[in-house]
Amino acid sequence: MTSHAHAGTARFGPFVLDLRSGELTGNGTRLHLRDKPFEALALLLEHPGEVVTRDELRERLWPSDVFVDFENNLNAAVNRLREALGDSARAPRYVETLPRRGYRLLVPVTLDSAAEAPQRPRLVVLPLDNVGGDDAHDYFAAGLTEELTTQLAAADPARLGVLARTTASRCAATGKAIAAIGHDLDVDYVVEGSVRRSVERVRVSVQLIRARDETHVWARSYDAERRDVLALQGDLARAIAHEIEVAVAPVPARRRVDPDAYDAYLRGQHHARRFDQPGAWEAAIACYREAVDRDPQFARAWAALSQTRANLAFWGAVPCAAALPAADVEARRAVELDSLDWEAQNALGYVEWLHRWDLDGAERSLRRAVELAPGEPRARWTLFAFLGSMRGAYDDALAEADRALELDPLSPILRAQVGWVHHWCGWPERAIAHCRAVLAEHPDLVQALHILGVASMVTGEHRKAIAACRRACERQRDAFSLGYLAMALGRGGRRAEASRLAGELEARSRAEYVPPVSLVWARLGTGDTDAAMAGLGRLVEDRDPQALLIAVSPTYEALRAHPRFAALLGRLPRLPLPAISRA
């Protein structure tokens, strides 16, 4: 392999590098390496286990007639490469520095030629345009886009890769041409079209376009009564798959759903997609509740209702007792109505995990959801979070994350969540590198800022932890952000500021619901370990899902020596011990 003849893929450790496009996947990462980091990695891959000298790198990266500050530019290129790999110069797993000599790749490499690479076609469904003249129906067009994407993803995941709606929406928002979208997303086909809705009828027009040359392969319009829209979507998905020459396995026909119930469900999905806006989850719950009231046999609406209610509890928006028992009933109702629906199994696994603390039952249901929908990234998302936090199964969790990111590479929240796996499993430097890469594209993403903050506390980089947590507070002054900032300030030696924030949280808790775990973090910041332990005890007593992280999260390492900590762990399910010394 030479720099002028990159072709096929190179596999090393958990990573796969596409030598043509520069796309790097693996270890919860999916990104495009550009320019010098890509060339540096390509040269290292040509000589696994051997020293690649600085002079050899100079010749490959900078022609002799180009003048640059070689030392600084080479160091910057290698640092960017390490950041992409989640690697560390201090404790390298992939790229080792040999002072004053060069670098060495520490893992074996397998090269696959372009001819040997699997040729599974990939497709993306761009958001269907609402052309009915009523903006209030935008949610309906968005819902049909997601339904079409879901049905195509279920056609034959081994032979057709279908990218998720989140990625499709972000790419469509750029306004790029079809060929550019195909190149950026590495897809072979693009589906675009429109939806026109009247009171009782729906018209969907779609076209299938080959991305590389923007050739229109196929186009069709479908008319249906509103009550038959689900059947219409199934017909459409089968026709598209047929044009791509993917055989579609017979899918049991879905029962006809009351059209007003389905409309309420789509409105709920619209609100749920905007979860980072105040009141969005509550609005989604109201819509899902309307859907099941109108059609009590609507399994997917029961599953969505359960999942959203459980999310409210886990993320501290409502008390667990006010949400999780109802979410449990709703998930079981969904499975009772349709045990072959992946969303029902996913919702059941989620409540078995968060509410019942039945980890074996949760894993069975979450794996069943993935079996039912292997092409659905949302199913793999829940499973990789469970495996990383509750099982300490780092490699398995990252493998699931890789599969999810293959199908939804532009989802910022999905990418950020992988950082929690690195953190929970004892790799804080990888969590930091991962979140920096996410924040480079999404600088105000609160989840990534939280992870960067807590991981930086573990590594002792307190100024960076404070900066990340303060930025999260500026973006969203919620209780979680305040608790993390108080903890970062206290651990950085700024106890007075931590105490002021702890006081603000205490005052807020007397006026409104404040998730108890945020008060624990604040007390860790003030150094009041007895109060922090008392708070953890209340979490366990209330069966708050945040209690399950006591055993596994490095955040609580400072409390392990407390005389009551061991007894507290004894009240939790059997969980993996944290590993905080791997970085």
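The values are calculated or read from the model by the stated rules, or taken from the named source; none is laboratory data. Since this is a predicted model, take the numbers as computed values, not measurements. Cβ atoms come from the backbone with ideal geometry, glycine included; neighbour counts cover every protein chain shown.
Based on this model, can you work out whether A561 counts as surrounded by fewer than 16 Cβ atoms within 10 Å (Cβ to Cβ), in a helix (DSSP H, G or I) and not basic (K, R)?
no
Restricting attention to the stretch 249-296, and to residues there that are over 19 Å from A326 (Cα atoms) and basic (K, R), which single residue is modelled with the lowest pLDDT?
Checking each candidate, the answer is R254.
Checking A331 against (1) at pLDDT 95 or above; (2) surrounded by 24 or more Cβ atoms within 10 Å (Cβ to Cβ); (3) touching an Asp or Glu at 6+ places or on another chain (Cβ under 6 Å): exactly one of these is not met. Which one?
Unmet condition: (3).
If you go through the stretch 210-230 one residue at a time, how many are of a type outside the set (G, A, S), out of contact with any Leu (no Cβ under 8 Å at 6 or more places or on another chain) and under 23 Å from P259 (Cα atoms)?
6
Looking only at the stretch 261-303, count how many residues are free of Cβ contacts under 8 Å to residues at least 40 places away in the same chain and under 17 Å from Y350 (Cα atoms).
Residues in the stretch 261-303 being free of Cβ contacts under 8 Å to residues at least 40 places away in the same chain and under 17 Å from Y350 (Cα atoms): 3 in total.
How many of the residues making up the stretch 188-245 are outside any strand (DSSP E or B), of a type in the set (A, V, I, L, M) and farther than 17 Å from V125 by Cβ?
At the first step, the residues of the stretch 188-245 found to be outside any strand (DSSP E or B) are 188, 198-200, 211-214, 226-245.
Remaining after also requiring of a type in the set (A, V, I, L, M): 199, 211, 229-232, 236-237, 239-241, 244.
From the residues that got through so far, the ones that are farther than 17 Å from V125 by Cβ too are 199, 231.
Residues meeting the conditions: 2.
Restricting to the stretch 12-42, name every residue that is surrounded by fewer than 21 Cβ atoms within 10 Å (Cβ to Cβ) and within 18 Å of L74 (Cα to Cα).
Selection gives R34, D35, K36, E39, A42.
Would you check which residues across the stretch 306-328 are small (G, A, S) and modelled with pLDDT under 95 and list them? Give the steps one after another, and end with the answer.
To start, the set of residues in the stretch 306-328 that are small (G, A, S) comprises 306, 310, 313, 316-317, 321-323, 326-327.
Across the stretch 306-328, the qualifying residues are A313, G316, A317, A321, A322.
For every residue, the table says whether it meets (1) in a loop (DSSP other than H, G, I, E, B); (2) over 30 Å from P325 (Cα atoms).
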position	(1), (2)
I466	no, yes
R471	no, yes
S499	no, yes
G503	no, yes
A507	no, no
V552	yes, no
L568	no, no
L575	yes, no
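Check G503, G492, G460 and return the single one that is in contact with a Lys or Arg (Cβ under 7 Å, 6 or more places away or on another chain), among the small types (G, A, S) and surrounded by fewer than 23 Cβ atoms within 10 Å (Cβ to Cβ).
Working: G503 fails: in contact with a Lys or Arg (Cβ under 7 Å, 6 or more places away or on another chain); G460 fails: in contact with a Lys or Arg (Cβ under 7 Å, 6 or more places away or on another chain).
Only one candidate passes the filter, namely G492.
Go through L410, L414, L387, L449 for me and flag whichever is outside any helix (DSSP H, G or I), farther than 25 Å from P92 by Cβ and outside the structural domain of A168 (by TED's automatic domain parsing).
Sole residue among the options that is outside any helix (DSSP H, G or I), farther than 25 Å from P92 by Cβ and outside the structural domain of A168 (by TED's automatic domain parsing): L410.
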